[in-house]
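Since the structure comes first, as structure tokens, the remarks are kept for the end.
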Amino acid sequence: MRDFDENNITAAVIDRYQNTPDPRLKKIMTSLVQHLHDFVRDIEPTEAEWGQAIDFLSRTGQLCTDKRQEFILLSDTLGVSMLVDAINHRFAEGATETTVLGPFYVQDPPEAAFGGDISGGAKGEPLYIDGSILSEDGKPVANAIIDVWHSDADGFYDVQLPELEEPTLRARFHSDVQGRFRFWTITPRYYPIPNDGTVGEMLKASARHPYRPAHVHFKIMADGHQTLVTHLFVSGDQYLDSDAVFAVKNSLIRDYTREAPGVAPDGKKIDTPWRKLHSDFVLSKAAVKKSAPAA
Ligand code: BEZ
Ligand code: FE
């Protein structure tokens with residue numbers, strides 16, 4: 001076939017994929033070509049604009065290293081990461097909802113003792129967190145692996161602070177025989193996602209701010225259960241309704257209550273104001289459902 005025009009070229013390109021042996025790849029390529037061509041027909045780019053788009057994507061790739069993943073950030077800020085998350089975590093009714101992992105997770109964080117303090121001397125308002133890990137039938141889950149990480153009082157993660165020698169504000173805990181966990185840390189702050197690259201350019205050009213509301217991240221793994229990746233957001237944060245990565249869910253917002261100096265639930269005496277967060281997590285047992293919930 002020859003003489004393709006702006007209408008018949010799509011079918012011709014799709015036809016070139018008809019012999020793709022892997023049926024999943026064939027479906028993906030067919031849909032990609034259809035949607036990409038429809039997009040181009042919709043926006044009718046000038047050649048200069050298409051060149052600008054290629055340059056933007058090239059620079060996005062060039063920014064990626066083993067420490068920085070600008071493409072994931074692009075996926076996050078376009079809402080695609082949350083869409084993929086929603087499709088892949090159709091958990092049981094009552095299970096704790098999921099949200100994005102984000103770029104600041106570090107595999108195998110340092111183990112911390114039950115009730116330990118992970119602040120590593122970072123300045124900020126002390127925060128006591130406790131709760132239980134439960135299965136969807138309400139039974140406690142013993143020995144679950146609980147990875148936690150969060151920003152400091154200025155909105156930075158330890159991996160963004162080269163002067164830090166040790167991992168800080170991140171750790172791995174295990175639930176006890178009754179499914180419980182508890183630890184001390186400091187209260188996190190809202191922060192901007194990395195915005196000195198192409199994603200920052202896109203946000204600026206679109207008059208979008210780069211901020212995420214304050215939160216603590218949790219990744220919880222237990223035998224016989226789906227791994228749960230989620231955050232607990234601080235209620236009242238000014239960015240809850242405009243999170244740069246669209247990751248806020250109402251069910252994940254918690255009161256980090258302000259407490260007067262006194263005795264904490266673990267018996268520790270504390271002579272400054274502090275905050276308390278209590279939250280249980282419910283893990284789903286079932287494999288991910290295939291179909292989308294009704295709209
Ligand atoms: C985070 O919460 O750590 C995060 C998530 C997505 C993009 C940037 C940061
Ligand atoms: Fe975060």
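Distance between Cα centroids, the range 18-70 to the range 81-126: provide it in whole Å.
Here the two parts' Cα centres lie 31 Å apart.
Can you compute 3J(HN,Hα) from phi for each residue in the range 148-153, using the Karplus curve 6.51 cos²θ - 1.76 cosθ + 1.60 with θ = phi - 60°, rounded to whole Hz and x for Gly and Pro?
Residue by residue, the range 148-153 yields 10, 7, 6, 7, 8, 6 Hz.
Residue 134's amide H: which non-local residues (gap 5+, or another chain) put their own amide H closer than 5 Å, with H modeled 1.01 Å from N in plane and none for Pro or chain starts?
Residues meeting the criterion, in which the H sits 1.01 Å from N, are 141, 281, 282, 283.
Counting only DSSP beta bridges with both residues in the chain, tell me the antiparallel percent, nearest 5.
Close to 75 percent.
Once you sort the root eigenvalues of the Cα gyration tensor of the range 1-44 as a ≥ b ≥ c, which label holds: rounded (a/c under 1.5), prolate (a/b larger than b/c) or oblate (the other case)?
oblate
Sorting check: for 202-212, 54-64, 36-46, which peptide has the highest mean count of neighbouring beta carbons within 10 Å, and how do the rest follow?
With the highest mean Cβ count within 10 Å placed first, the list reads 202-212, 54-64, 36-46.
If I compute solvent accessible area with a 1.4 Å probe over the protein chains, what percent of it on the range 1-43 is carbon and sulfur?
55
Pull up all non-local amide H partners of residue 117: gap of 5 or more, or a different chain, and H-to-H distance under 5 Å with H placed in the peptide plane.
The list, which skips near neighbours in sequence, is 184.
Return the distance in nm (one decimal) between the two label points of a simple spin-label model at residue 177 and residue 31, each offset 7 Å from Cα along Cα→Cβ.
Computed distance between label sites residue 177 and residue 31 equals 4.9 nm.
Report ³J(HN,Hα) in whole Hz for each residue of the range 30-43, in order, from the Karplus equation J = 6.51 cos²θ - 1.76 cosθ + 1.60 where θ = phi - 60°; Gly and Pro get x.
Karplus-based 3J(HN,Hα) across the range 30-43 equals 4, 5, 4, 5, 4, 6, 5, 5, 4, 4, 5, 5, 5, 8 Hz.
Counting only heavy atoms of the protein chains, get the accessible area per residue of the chain (1.4 Å probe) and round it to a whole Å² value.
In whole numbers, the chain has 57 Å² accessible per residue.
Full-extension gain between residue 221 and residue 84, please, as 0.36 nm times their residue separation minus the C-alpha to C-alpha distance.
47.3 nm is the gain from fully extending residue 221 to residue 84.
So for 70, 97, 166, 125, what's the accessible-area order with a 1.4 Å probe, most first?
166, 97, 125, 70
Could the peptides 148-158, 108-118 be put in order, highest first, of the mean number of other beta-carbon atoms found within 10 Å of their residues?
148-158, 108-118
Considering only the other residues whose Cβ falls under 10 Å of the Cβ of residue 154, what net charge follows from Lys and Arg at +1 and Asp and Glu at -1?
Once positives and negatives cancel, what remains is +1.
In sequence order, what are the phi-derived ³J(HN,Hα) couplings for the range 68-85 according to the Karplus relation 6.51 cos²θ - 1.76 cosθ + 1.60 with θ = phi - 60°, rounded to whole Hz, with x for glycine and proline?
With coefficients 6.51, -1.76 and 1.60, one gets 9, 10, 5, 5, 5, 4, 5, 4, 4, 7, 8, x, 6, 4, 5, 5, 5, 4 Hz.
Under a point spin-label approximation (7 Å from Cα along Cα-to-Cβ), what is the residue 291-residue 67 distance to one decimal in nm?
Going from the residue 291 label point to the residue 67 one covers 4.9 nm.
The values are calculated or read from the model by the stated rules, or taken from the named source; none is laboratory data. Keep in mind it's a predicted model, so treat the numbers as computed, not measured. When we count neighbours, we look across all protein chains shown, and the Cβ atoms used for this are built from the backbone with ideal geometry, even at glycine. Please note that ligands, DNA and RNA were not included when accessible areas were found on the heavy atoms of the full protein model with its side chains. Shrake-Rupley method; radii C 1.70, N 1.55, O 1.52, S 1.80 Å.
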